[in-house]
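Chemist: Please read through the structure below; I'll follow up with questions.
Just so it is clear, none of the values below were taken in a lab; they were calculated from the coordinates. Predicted model, so just to flag it, every value in this text is computed and none were measured. When we count neighbours, we look across all protein chains shown, and the Cβ atoms used for this are built from the backbone with ideal geometry, even at glycine.
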Amino acid sequence: MKSSSAKKVKQLTILAMLTALLVVLAMVNIPQPAGLSITFNMIPVAIAAIVMGLPGGAIIGGVFGLISFLQCFGIIGYSAMGAALVNVSPFLMFVQRFVSRVLVGVITALIYRALKRRNVKDQIAFTITGFSAAFFNTLLFMSLLVILFGNTEYLQNLMAGRGVLVFILASVGINAVVEMVVAAVVTAAVALALKKSKLI
């Protein structure tokens, strides 16, 4: 009984710490052209997926998504693109910002689970998990952006007659590479430290 209680307290503590980290990271985004920015908020999502599996990935992914949605209104940071598109449809913007990040948490947790079942070494599994969080964050965010808002005047102006794939690559090329490399390296380092501390 005590062991179960201690485990719940540990998990709640980790969730609280990762949530606080997400708030801090939300304030240090690096702005890029087209209203996008380099963000490292997927790192706490990857850590949660590693430490707590599907529930942790989904919860912290949801927190990431909620913060991202609130930034459309200038709360906990600011998103120029979000501010422009939330006026088109707050509901679709919620789907694009929130649902995509919950899915990132779920997919990342499933990837980590699959790696562990195949007995992949910890460092490699942690690195792939961090990379996956950043990769799927970019993939889902940009896919839903184009699907839900591709016909809006705002996005059409940004695309400037370019094809969808060219627009996506031009908009997130550098961002995505930086995010994936940093997420892979930092997630592996943090997860290894947590394992040594017997928190995983």
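Chemist: What does the net charge come to around residue 79 if you take all other residues with beta carbon closer than 14 Å to its beta carbon, with K and R at +1 and D and E at -1?
Modeler: After counting each charged neighbour, the total is +2.
Chemist: Give the long-range amide H neighbours of residue 38: residues separated by 5 or more places, or on another chain, with amide H under 5 Å away, using H modelled in the peptide plane at 1.01 Å from N.
Modeler: Answer set, sorted by chain and number: 30, 32.
Chemist: Right, something else. In the structure displayed, which of 8/121; 121/196; 10/116; 8/116 lie more than 19 Å apart, Cα to Cα? Working shown, then result.
Modeler: Details: 8/121 27 Å; 121/196 14 Å; 10/116 22 Å; 8/116 22 Å.
Going by Cα-Cα distance, 8/121; 10/116; 8/116 fall outside the 19 Å limit.
Chemist: Take each of the peptides 78-85, 39-46, average the number of other beta-carbon atoms within 10 Å over its residues, and list them starting from the highest.
Modeler: The most tightly packed comes first, giving 39-46, 78-85.
Chemist: Quickly estimate the mean residue ellipticity at 222 nm for the chain, helices only: each DSSP H run with n ≥ 4 gives -39500 (n - 2.57), and the total goes over all residues, rounded to 500.
Modeler: -26000 deg cm²/dmol
Chemist: Taking 0.36 nm per residue of sequence separation and subtracting the Cα-Cα distance, how much length would be gained by fully extending the chain between residue 10 and residue 199, in nm to one decimal?
Modeler: Values: separation 189, 0.36 × 189 = 68.04 nm, distance 0.80 nm.
Full extension of this stretch gives 67.2 nm more.
Chemist: Once the other residues with Cβ under 14 Å from the Cβ of residue 111 are scored (Lys, Arg +1; Asp, Glu -1), what is the net sum?
Modeler: +4
Chemist: Return the aspartates and glutamates within reach of residue 198: Cα separation strictly under 14 angstrom, same-chain partners fewer than 8 residues apart disregarded; answer none if there are no such residues.
Modeler: Reachable aspartates and glutamates: 122.
Chemist: Does the stretch 43-83 come out rounded, prolate or oblate, given a ≥ b ≥ c as the square roots of the eigenvalues of its C-alpha gyration tensor, rounded meaning a/c under 1.5 and, failing that, prolate meaning a/b above b/c? Could you put the intermediate results ahead of the total?
Modeler: Details: a/c = 3.91, a/b = 3.17, b/c = 1.23.
Prolate.
Chemist: Give me the net charge of residue 88's neighbourhood, meaning all other residues with Cβ under 14 Å from the Cβ of residue 88; Lys, Arg count +1, Asp, Glu -1.
Modeler: It works out to a net charge of 0.
Chemist: Continuing with the same structure: Running a GNM on the chain with Cα contacts under 10 Å, which residue among 119, 175, 137 ends up with the highest mean-square fluctuation?
Modeler: 119
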